[in-house]
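Comments concern the structure below.
The values are calculated or read from the model by the stated rules, or taken from the named source; none is laboratory data. Predicted model, so just to flag it, every value in this text is computed and none were measured. Side chains included, ligands, DNA and RNA excluded: accessible areas come from the protein's heavy atoms. Shrake-Rupley method; radii C 1.70, N 1.55, O 1.52, S 1.80 Å.
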Amino acid sequence: MANRSVYSKLLHNRPCFFRCLSSATSSSVASPSPVNFAEKSEPTTTDKPIINFDDFKVLFSSVPTSKLIKSSINLHMAAIEPIVDTGMWVMNSRLMETPVLREIILGVVKNTVYEHFCAGKDLKEVARTVTKLCDQGIKAILDYGLEHVNDNESCDRNFNEFIQTIESTKFLPPSSVSFVVVKITAICTPSLLRRVSDLLRWEYKDKSLHLPWKLRTFPILSDSSPFYHTPNRPEPLTPEEENYLHLGHQRLINICEKCVEMNVPLLIDAEDTALQPAIDYFCYTASIMYHKDDEPIVFGTTQAYLKDAKERLFNVKKAADKMGVPVGFKLVRGAYMSSERQLASSLGVKSPIQDSIQETQRCYNDCAAFMLQEIANGSGSVVLATHNVESGKLAASKAIDLGIAKDNQNLQFAQLYGMADALSFGLGNAGFRVSKYLPFGHVEQIIPYLLRRAEENRGLLSTSSLDRHLMKKELMRRLTSSIS
């Protein structure tokens, strides 16, 4: 109850254009029928493709030749599995414990994958990257690479870094930043998030369980969610744990306040299923507290490779509509597939991951179609974060069919920095809002991110091959042009 009174004091001084809600818990709601993309040929408007990959001169017109060459080399390296496997083994090995070898390895990483996938080591370097993207008509999603802390002192340090990142947006070109990213594991310890997740899972199964610290939220779990992480009834949070939970919420509240002040939305990343219920709890309570008129301030992340993704997305949207709260989602495929499957296998339970890439793609497209229909009806916001060309084409076509303006602020596309550039430039040239996800920070702290990207690249060879093919054609065109 102490937490509630603190929040009441905090909410008392909110600007009038925010609806600030607290208290009772939302129950799960039944999901509507799935919404699917209509079967159709490549999307066209006046007989011209919406996304044009044929004119690679126009596609890469804003990319310097030196950058194009380096990107092409890095993508070719990332497509060779033995190189990826060796790199992952080295970065996870005891070689990193030897100072001399560590420096050599980090130097190689910095001049290859780090420079390709990351925006810089600090805000000064990030500003240069953001400005270049802005000149190319692409917005930036700023992600300071902090995650998985072990103590509250580290949480406080990370909180200050996030605040500085948000404040830095006022020195960047106007409207060049679409979001600032926060990982909840950077402002609240994973051990506590795991405890909270266990309690939320048990509460879903046993409605008699009372969680006195729990604030008003959207539905967090569904009948199809994985519950094997919590085989036994968890103990209640201790007073110390409740206090640390409150401190984590307080950090998120202050981050939201700063986002409101700087007029930049906040995007909360998803992580693995052991922690995700608590992460969603943080996200949804903040979403209810902070929104500007009919625009969401806080965006959560839905991972389509999870079997329960579609049901949870529908449930949250329906509950938010009932409350009169605008919600925003970033829709992704997911980046923890190997670890999720390994954990499920070790426990002898069914994996929470879709059984095939086709099912993941179907889930992604269904969720995207659902959110596009909601936007067309005047409700909701979505960031379609995809490297899949077909998903990009289908979503762009669906948006046009539904009469959604290409510059509608409730619809954005996004790709990781250094990946799917052809899709990014193609969507941008077609008039859609496009952002690049820019992780930044010192090489050592970005290694977990780079390892996930290396693992994820195994499933992105088709997208990578398109970029490599188009980059090669454009480089050959430039070479021929210079010779002639």
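Odds and ends about this structure:
- For region 157-188 versus region 272-290, the spacing of their alpha-carbon centroids is 18 Å.
- Principal-axis analysis of the Cα atoms of the chain puts helix 309-323 at an angle of about 60° to the longest axis.
- Net length available on complete extension from D355 to R477 is 39.7 nm, with 0.36 nm assigned per residue and the Cα-Cα distance removed.
- Viscosity 1.002 mPa s, 20 °C: Kirkwood-radius Stokes-Einstein D of region 141-215 over Cα pairs, µm²/s: 148 µm²/s
- One quarter of the convex hull surface built on the alpha carbon atoms of region 370-436 amounts to 3.8 nm², the projected area averaged over directions.
- Cα gyration tensor, region 79-165 - rounded (a/c under 1.5), prolate or oblate: oblate
- Taking the 1.4 Å solvent-accessible surface of the chain as the whole, the part contributed by carbon and sulfur is 54%.
- Accessible-area ranking of S345, S178, largest first, probe 1.4 Å: S345, S178
- Cα long-axis angle, helix 81-92 against the chain (0 to 90 degrees, to the nearest 10): 50 degrees
- A full extension of the chain between D407 and R157 corresponds to an added length of 86.3 nm, given 0.36 nm per residue minus the alpha carbon distance.
- Under 17 Å from the Cα of K350 - aspartates and glutamates, other chains or at least 8 residues apart: D223, D272, D308, E340, E359
- Over the chain, dividing the summed -39,500 (n - 2.57) contributions of all DSSP H runs of at least 4 residues by the number of residues returns a 222 nm mean residue ellipticity of -16000 deg cm²/dmol.
- In the full protein context, the chain carries 44 Å² of accessible surface per residue, based on a 1.4 Å probe and ignoring ligands, DNA and RNA.
- Expressed as a whole percent, the proportion of Cα-Cα pairs in the chain lying more than 41 Å apart is 16%.
- Diffusion coefficient of region 309-450 by Stokes-Einstein, Kirkwood radius over Cα pairs, 20 °C, 1.002 mPa s: 129 µm²/s.
- Nearest-ten-degree value, helix 65-78 long axis tilted from longest Cα axis of the chain: 60 degrees
- Cα gyration tensor shape of region 196-316, rounded if a/c is under 1.5, else prolate or oblate by comparing a/b with b/c: oblate
- Pairs with C-alpha atoms separated by more than 22 Å, drawn from the list K258/K317; K317/K398; K183/K330; K207/K292, are K258/K317; K207/K292.
- Beta bridges by DSSP in the chain, antiparallel share as percent, to the nearest 5: 15 percent
- Cα gyration tensor category, rounded, prolate or oblate, for region 238-285 with a/c compared to 1.5: oblate
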